[in-house]
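Let me begin by presenting the structure, written as C-alpha cells, before commenting on it.
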Amino acid sequence: MADGTKDTKSSNQMWGGRFASGPDAIMEEINASIGFDKKLFAQDIRGSIAHATMLAHQGIISGDDKDKIVHGLNTILSEIESGNFEFSRQLEDIHMNVEARLAALIGPAAGRLHTARSRNDQVALDFRLWVKEELQKTEAMLTNLIAAFLDRAEEHAESVMPGFTHLQTAQPVTFGHHCMAYVEMFGRDRSRVRHAIEHLDESPIGAAALAGTGYPIDRHMTAKALGFREPTRNSIDTVSDRDFAIEFLSIAAICGMHLSRLAEEIVIWSTPQFGFVRLSDAFSTGSSIMPQKKNPDAAELVRAKTGRINGSLVALLTIMKGLPLAYSKDMQEDKEQVFDAAESLELAIAAMTGMVRDMTVNTARMKAAAGSGYSTATDLADWLVREVGLPFRDAHHVTGRAVALAESKGCDLAELLLTDLQAINAAITDKVYDVLTVEASVASRKSFGGTAPSEVRKQIAYWRARN
C-alpha cells in the first residue's frame, strides 16, 4: 500500500509475519489446491481429532482446549457434509480452510491444534487415509465382479465356444472356462489391492515437517485411533513418500488393462459377425442416423478409461522421479491423478459387473463357431499319438495333411471319409471320429486348470470358497 502499511486483506494470516503481503494472483492460482483437496475433508478432520486427543492425553494441551477443538471440528464436518461450508482459495488448501473456520468457531484454542505437526505430515495422513479407504472400496467391488463371473461360469460350465490365439480359432473351450480366466485376472488384482493396504497401513502423523518433533507425543496412540497398524519409522521418508499413491495407480492401471481386454472381447462378441453375446439396452446406445445399430458403448468407454488411468500413473511417476528428500511442492500434483483414476476405475468396474450379469449369451452361435477353423485338429494329432503310436511331430504332419484335405473339400475334419483319412495314414480307424467333436474335445481336457466341465466346476468351487 502507498503508506507502507500491511495489506491484511490480501495476506494469508496462516503464513505468519514473514510475508508482508498476499501472493500475486498468479501465485495464488498455481499454489491453491483447495479446488481438489477439499475431497479430503473427512480424513483431515478425522486426523485432527485423533491428533488433538493425543495431545491432551500427553498433557501437551489442556482437556478443555481438546474438547473445544473436537466439538469445533465436528461442527465443521457437519457444515461441509450439509453443503454449508464456504471454501476459500486464499486459504490454499483443506488444512488451512478447516483451521481458519475452527478459529472462527472456538477462538484461540484452535491455534493449539497444530502443535507437534506440520502440513507435510498432515497431508500425508489425509491422503493415505483416503487411498486406504479407496482400496477397501475397490476390494469390495472386485469381489462383486468375481462373483458375477462365477455365476456365469457355473451357468456355462458346459457351453462350448471357440478358444482363440492371435484372434484365430485355436481349440474348443467352454464359456465357463473363459469366464474363469477373468476370475483369475481380477483375483490377482484383488490380491494386489490387499497387499497395497498392508503396505500403506502406517500412520504418518507426528513426523512433522521432516524431522519429527520435540514434544512428547504418542504416535502409536494416533496410529491406533486412525486404524493404522503402526506409525511410520522414518520422518524424512514419511513426508516425502507417495509410494502408496503410485501403488494404487499401478494397481488401477493393471486392473484397468484387464477390464479393457474384457471390454474388447465384449465389443467383438456383440458384433453381428460373432453374435456370441447381446447387451441389453441398459448398457447399449443407438445411432443418430442408423436405426438398426446397437452400440456397446459401455464396453467401449470402459476400454477408453484405461488410457486415463495409465496417464495418471505416468504423470505421478514423472512428478516424483526427480524430487530430493524430503517434501517438495511438486507433490501437491499427486492428488488429482489419484482422484481421477479412482473415479474411472470405480465406474469401469461397476459398468463391467453390470454387463457381465446382464448380457445374454448365445450358446448356439458359440457352439457353431467352436468347430470352425478345424479347431479339433490337435485332438486328431493327440489321438494319433495315443492310438497309433506316432511321435507327436509325425502326428502333427499327418494332421496337417488332413486339414489341407478337409479345406480342399470344404468340409470339417469330422466330415472327412474314413477312406480319405486312411489314405493319409492307414492306421487310422473309425474310432478317430470319437475325438473330432467339440464336445469330446473339451471333455478330454481334464488336466488341472483345463477346460473340461469337470475341471471348470472344481475351479468354481475353489473360488467360491475364497471369494
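Among the residues of region 386-419, those that are small (Gly, Ala, Ser) and part of a loop (DSSP other than H, G, I, E, B) comprise 389, 410. Annotation for region 364-380: at least one member residue is under 31 Å from the mean Cα position of the chain (by Cα) and surrounded by 13 or more Cβ atoms within 10 Å (Cβ to Cβ).
Mind counting the residues in region 203-224 that are surrounded by fewer than 19 Cβ atoms within 10 Å (Cβ to Cβ) and under 28 Å from the mean Cα position of the chain (by Cα)? Total meeting the criteria: 1. In the set (1) in contact with a strand residue (DSSP E or B) (Cβ under 7 Å, 6 or more places away or on another chain); (2) free of Cβ contacts under 8 Å to residues at least 60 places away in the same chain, residue 383 fails one condition alone, (1).
Screening 350, 423 for residues that are modelled with pLDDT of 90 or more, surrounded by fewer than 16 Cβ atoms within 10 Å (Cβ to Cβ) and not in a loop (DSSP other than H, G, I, E, B) leaves exactly one candidate, 350. Looking at region 225-275 only, could you name the residues that are open to solvent by 30 Å² or more (accessible area, probe 1.4 Å) and under 12 Å from the mean Cα position of the chain (by Cα)? The answer is 247, 250, 254, 257.
Only a single item in (1) of a type in the set (Gly, Ala, Ser); (2) over 20 Å from residue 169 (Cα atoms); (3) in contact with a Leu (Cβ under 9 Å, 6 or more places away or on another chain) is not met by residue 381, and it is number (2).
One line per residue, one yes/no per condition, for (1) without any contact (Cβ under 8 Å) to a residue 40 or more places away in the chain; (2) farther than 17 Å from residue 112 by Cα:
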{"residue": "55", "(1), (2)": "no, no"}
{"residue": "58", "(1), (2)": "no, no"}
{"residue": "62", "(1), (2)": "yes, no"}
{"residue": "70", "(1), (2)": "yes, no"}
{"residue": "73", "(1), (2)": "yes, no"}
{"residue": "77", "(1), (2)": "yes, yes"}
{"residue": "81", "(1), (2)": "yes, yes"}
{"residue": "86", "(1), (2)": "yes, yes"}
{"residue": "93", "(1), (2)": "no, yes"}
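Restricting attention to region 133-151, the residues that are polar (S, T, N, Q) and either open to solvent by less than 30 Å² (accessible area, probe 1.4 Å) or assigned by the TED database to the domain that holds residue 51 (or both) total 1. Taking the options 297, 334, name whichever one is open to solvent by 30 Å² or more (accessible area, probe 1.4 Å) and either assigned by the TED database to the domain that holds residue 144 or within 23 Å of residue 146 (Cβ to Cβ) (or both). Testing whether each residue is open to solvent by 30 Å² or more (accessible area, probe 1.4 Å) and either assigned by the TED database to the domain that holds residue 144 or within 23 Å of residue 146 (Cβ to Cβ) (or both) leaves just 297. Scanning region 304-311 turns up no residue that is open to solvent by less than 20 Å² (accessible area, probe 1.4 Å), under 30 Å from residue 36 (Cβ atoms) and more than 27 Å from the chain's Cα centre (by Cα).
Considering only region 426-459, state which residues are open to solvent by less than 40 Å² (accessible area, probe 1.4 Å), within 28 Å of residue 185 (Cα to Cα) and not small (Gly, Ala, Ser). Within region 426-459, 438, 442, 451, 453, 455, 456, 459 meet the criteria. The set of residues in region 152-202 that are farther than 30 Å from residue 442 by Cβ, open to solvent by less than 10 Å² (accessible area, probe 1.4 Å) and either in contact (Cβ under 8 Å) with a residue 60 or more places away in the chain or in a loop (DSSP other than H, G, I, E, B) (or both) comprises 196, 200.
When the test is whether a residue is under 23 Å from residue 455 (Cα atoms), assigned to a strand (DSSP E or B) and of a type in the set (Phe, Trp, Tyr), residue 149 does not pass it.
State whether the residues of region 142-158 include one that is over 25 Å from the mean Cα position of the chain (by Cα) and not acidic (Asp, Glu). Among the residues of region 142-158, at least one is over 25 Å from the mean Cα position of the chain (by Cα) and not acidic (Asp, Glu), which makes the answer yes.
The values are calculated or read from the model by the stated rules, or taken from the named source; none is laboratory data. No experiment lies behind these values; they were computed from the predicted model shown. Note that we place each Cβ from the backbone using ideal geometry, even for glycine, and neighbour counts take in every protein chain shown. Ligands, DNA and RNA are stripped out before the accessible areas are found, and what is left, the full protein with its side chains, is counted by its heavy atoms. Shrake-Rupley method; radii C 1.70, N 1.55, O 1.52, S 1.80 Å.
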